[in-house]
Amino acid sequence: MNILIIGGVGFLGRHLSLTIEKQKLAKHLCIVDKRVPEMVHLSNEMMTVIAPNFQQADMSNPSTATRIFGLHKWDWVFNLQSELPFDANEYFFETEIYNRSLIVGTKAAECGVRCLVQCSGTEVYKGSSGLQNEDAPLKPSTRKGKWILKTEQGLQAIHGYFMLKWQGILIQ
């Protein structure tokens with residue numbers, strides 16, 4: 001299986017990369033991030049996994065996305081890019097969430113990727129004093145939530161894309 005992790009030196013990406021490598025789940029593993037591993041203070045164990053599989057690239061550039069998607073026929077793509085602050089401005093959310101995710105989603109659909117995993121967040125749901133589940137009404141109350149929801153709606157409009165909502169994932 002060929003696995004591409006975008007945003008691979010962030011918190012989620014580095015741990016996912018380590019798990020995939022330890023369990024030998026990938027024939028080819030490619031870890032992409034606009035940041036270089038040396039600048040994000042990875043542990044030695046994570047550096048030994050990430051460094052040989054790393055490509056520095058900014059996926060907000062369509063030609064860069066074409067190059068990365070052209071490296072292999074990817075089976076699974078994990079889009080974990082952009083750990084997002086709550087207080088960012090509209091331009092940041094549009095470029096860092098929306099545009100990048102749609103570029104990745106469109107390219108994944110064009111290349112016939114079997115599974116694209118795009119992380120969402122609880123910020124898309126209507127606020128409540130009680131517990132919520134995935135069937136809760138969508139009504140984001142933060143700027144971050146509004147852009148995450150807009151991104152999900154944009155991805156759903158891509159031909160061949162469908163959204164699977166799940167409670168969580170456990171990798172053992």
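A few notes on this one:
- Counting Lys and Arg as +1 and Asp and Glu as -1 over every other residue whose Cβ lies under 14 Å from the Cβ of Asn89, the net charge comes to -1.
- From least to most packed, judged by other beta carbons within 10 angstrom and beginning with the fewest, Cys119, Cys111, Cys30 follow the order Cys119, Cys111, Cys30.
- For the chain, the longest principal axis of the alpha carbon atoms and the long axis of helix 100-110 meet at an angle near 70°.
- One Cα centroid belongs to the stretch 107-153, the other to the stretch 40-76; the line between them spans 24 Å.
- The residues Val36, Val124, when put in order of fewest to most other Cβ atoms within 10 Å, stand as Val36, Val124.
- Rounded to the nearest 10 degrees, the inclination of helix 11-22 to the longest alpha-carbon principal axis of the chain is 40 degrees.
- Counting charges near Asn2 (Lys, Arg +1; Asp, Glu -1) among other residues having Cβ under 15 Å from its Cβ returns a value of +3.
- Fewest-first sequence of Thr151, Thr95 by Cβ atoms within 10 Å of each Cβ: Thr95, Thr151
- Charge sum, other residues only, whose C-beta stays under 13 Å from Arg114's C-beta, Lys/Arg counted +1 and Asp/Glu -1: 0
Read the figures in this text as sums done on the coordinates, not as results from a lab. What you see is a predicted model; the values in this text were computed from it and never measured. Cβ coordinates were reconstructed from backbone atoms using ideal geometry, including for glycine residues, and neighbour counts include every protein chain displayed.
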